[in-house]
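Q: I am attaching a structure below and will ask some questions about it afterwards.
The values are calculated or read from the model by the stated rules, or taken from the named source; none is laboratory data. Computed from a prediction, not measured in an experiment: that's the story for all the values here. Neighbour counts run over all protein chains shown; Cβ positions are idealised from the backbone, glycine included.
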Amino acid sequence: MWTVPRPNYSTEGEIMVNIGGVRVALLGDVLQRYPESRLAELLRCSSSSSQSLELISSLCDDFDASRKEFYFDRDPDAFKCIMDVYYFDEIHIKRGLCPICFLREMEFWRIESCVLDECCRSDLSEKEDELKDISDKVKVILEDLEVERCSTRIQRCQRSVWRLMEKPGSSVPARVIAIASFLSILLSALVMCVGTIPELQVKDADGELMEHPTLEAIETTCMMWFTVEFLLRFASSPHKLHFILSVMNVIDFMAIAPFYVVLSLTYLSSTSMMELTNVQQAVQALRITRIARIFKLARHSSGLQTLTYALQRSLKELGLLLMYMGVGIFVFSALGYTMEQSHPETMFRSIPHSFWWAIITMTTVGYGDIYPKTTLGKCNAALSFLCGVIAIALPIHPIINNFVIFYNKQKVLESAAKHEVELMQLQDNRDGRKESRERMESMESRTTWITASENTNERSQNALCSCETVCGPLGR
């Protein structure tokens, strides 16, 4: 049987380390592969003629000079992974070990992070991103808790308004405002849809249909609410530039601005500064932008935000789907045109004209406005929609998986951030109680010293009076 020969390591310079109660014998030749590590330096210090006890004590927690055994109060499971770098020149983090804690172990043993394998580096970067998200959430929570700590009254009012408009869970009025904003968005979208029903429209002076005045009043009220809400959020925002560049705030502005543009154009047309035809065309073009109001729901719905992030994480799968569909559309439209060209009543006049048939067939829509009439064309159509079903079904599982992972991750991060804030508050309370206890002890010690001094003075005066009483006649 063929076996790998065992390497001949020299037993000279062998040291014994005790990691959390686990004794491990390490050879000098192995440790010298990484001379900058803590164990290699410890080996050099222990084998030198002039051993420096202070240097050895700084490298380990305790040591036995006679047995050359060094004690470390570290995690033995993590050290088993650290040992791999001396034998295999790479490190794999075992399952169950925190990558961040393991990185600290590597820093303690003076092992560079570049020896980590690629899979472990990805886990480490993911954990670092999670810690960054937790720190951001903790920062936001602490900013909400520091309303009472603001120096001026204006800052306190600004922070209170920001919590009222942006943090629905901070108080009951904030929750009421969030519900009112949500209902206003739904009401505005409903008015926009109902206003297009011909039976509910009225005729103007020129005999053209226009929205009902009641619906316009409701829409104006909703827009006033959106405007006040946007201005209050902008005025109370602690970071104005970040507020302006936010995607959701840009959507809010795009949903509000067309309303005032239409009012301006209407006013200009009434003062004969612009032609009425141009104004009507501009108004009709701007009214379609009211659709952007529905995207305001994403501000109040965590499910829509999670779905958006899941789609962002699934861009690779969606790109593959589009590429597969594009190739299929080109191939099946070309085949359909070729197979249907000989038929006298063909509906496939060209390959670009056949693209529409391929799209509605592969997506299983099937309007029926274009359809094959030959046998080969029908077989091509059957094959095209079968491939379309397969192509559409492939990326569903990755998208759902990304959605579930991100949703669960957000819940874990929120609970971790709240737990971190509770620990910080507990630590602050503990430090406060410790300071107050020390202050009370110092006051008690000062009171005891003063009382002892007063008692000493009183005893001295009593003794002096006694001496005068006894020695007075003798002196006279």
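Q: Scan region 344-389 residue by residue and report those that are small (Gly, Ala, Ser) and closer than 14 Å to Met325 by Cβ. Spell out how you get there, then give the answer.
A: Initially, region 344-389 is screened for residues small (Gly, Ala, Ser), giving 350, 354, 358, 366, 368, 377, 381-382, 384, 388.
Ala358, Ser384, Gly388 - these are the residues of region 344-389 that are small (Gly, Ala, Ser) and closer than 14 Å to Met325 by Cβ.
Q: Collect the residues in region 196-254 that are exposed (fewer than 12 other Cβ atoms within 10 Å of the Cβ), in contact with a Leu (Cβ under 8 Å, 6 or more places away or on another chain) and either assigned to a helix (DSSP H, G or I) or modelled with pLDDT of 85 or more (or both), keeping them in residue-number order.
A: Pro198
Q: Scan region 102-113 and tell me whether some residue there is hydroxyl-bearing (Ser, Thr, Tyr), farther than 22 Å from Ser37 by Cβ and assigned to a helix (DSSP H, G or I).
A: The answer is no, given that none of the residues of region 102-113 is hydroxyl-bearing (Ser, Thr, Tyr), farther than 22 Å from Ser37 by Cβ and assigned to a helix (DSSP H, G or I).
Q: Give me a count of the residues in region 8-57 that are farther than 18 Å from Arg110 by Cβ, at pLDDT below 85 and aliphatic (A, V, I, L, M).
A: Going through region 8-57 one residue at a time, the tally reaches 2.
Q: Looking at (1) surrounded by fewer than 14 Cβ atoms within 10 Å (Cβ to Cβ); (2) over 24 Å from Leu394 (Cα atoms), which is the one condition that is false for Thr364?
A: Going through (1) surrounded by fewer than 14 Cβ atoms within 10 Å (Cβ to Cβ); (2) over 24 Å from Leu394 (Cα atoms) one by one, Thr364 breaks only (2).
Q: Of the residues that sit in region 291-319 and are modelled with pLDDT of 75 or more, of a type in the set (A, V, I, L, M, F, W, C) and touching a helix residue (DSSP H, G or I) at 6+ places or on another chain (Cβ under 9 Å), which one is surrounded by the most Cβ atoms within 10 Å (Cβ to Cβ)?
A: Of everything passing the filter in region 291-319, Ala310 is surrounded by the most Cβ atoms within 10 Å (Cβ to Cβ).
Q: Continuing with this model, one more query. Can we say Leu318 is of a type outside the set (Ser, Thr, Tyr) and touching a residue at least 40 places away in the same chain (Cβ under 8 Å)? Even if it seems obvious, please write down each step before you answer.
A: Working: of a type outside the set (Ser, Thr, Tyr): yes; touching a residue at least 40 places away in the same chain (Cβ under 8 Å): yes.
Yes; evaluated as a whole, the condition is true for this residue.
Q: Are there any pairs with C-beta distances below 6 angstrom linking a residue in region 191-210 that is assigned by TED's automatic domain parsing to the domain that holds Cys222 and under 20 Å from Thr221 (Cβ atoms) to a residue that is of a type in the set (Lys, Arg) and surrounded by 13 or more Cβ atoms within 10 Å (Cβ to Cβ), with the two at least 6 apart or on different chains, and if so which?
A: Met192/Arg290
Q: Scan Met210, Met248 and give me the residue that is touching a helix residue (DSSP H, G or I) at 6+ places or on another chain (Cβ under 9 Å) and either of a type in the set (D, E, K, R) or closer than 25 Å to Gln305 by Cβ (or both). Let's see the steps before the verdict.
A: Working: Met210 fails: either of a type in the set (D, E, K, R) or closer than 25 Å to Gln305 by Cβ (or both).
Testing whether each residue is touching a helix residue (DSSP H, G or I) at 6+ places or on another chain (Cβ under 9 Å) and either of a type in the set (D, E, K, R) or closer than 25 Å to Gln305 by Cβ (or both) leaves just Met248.
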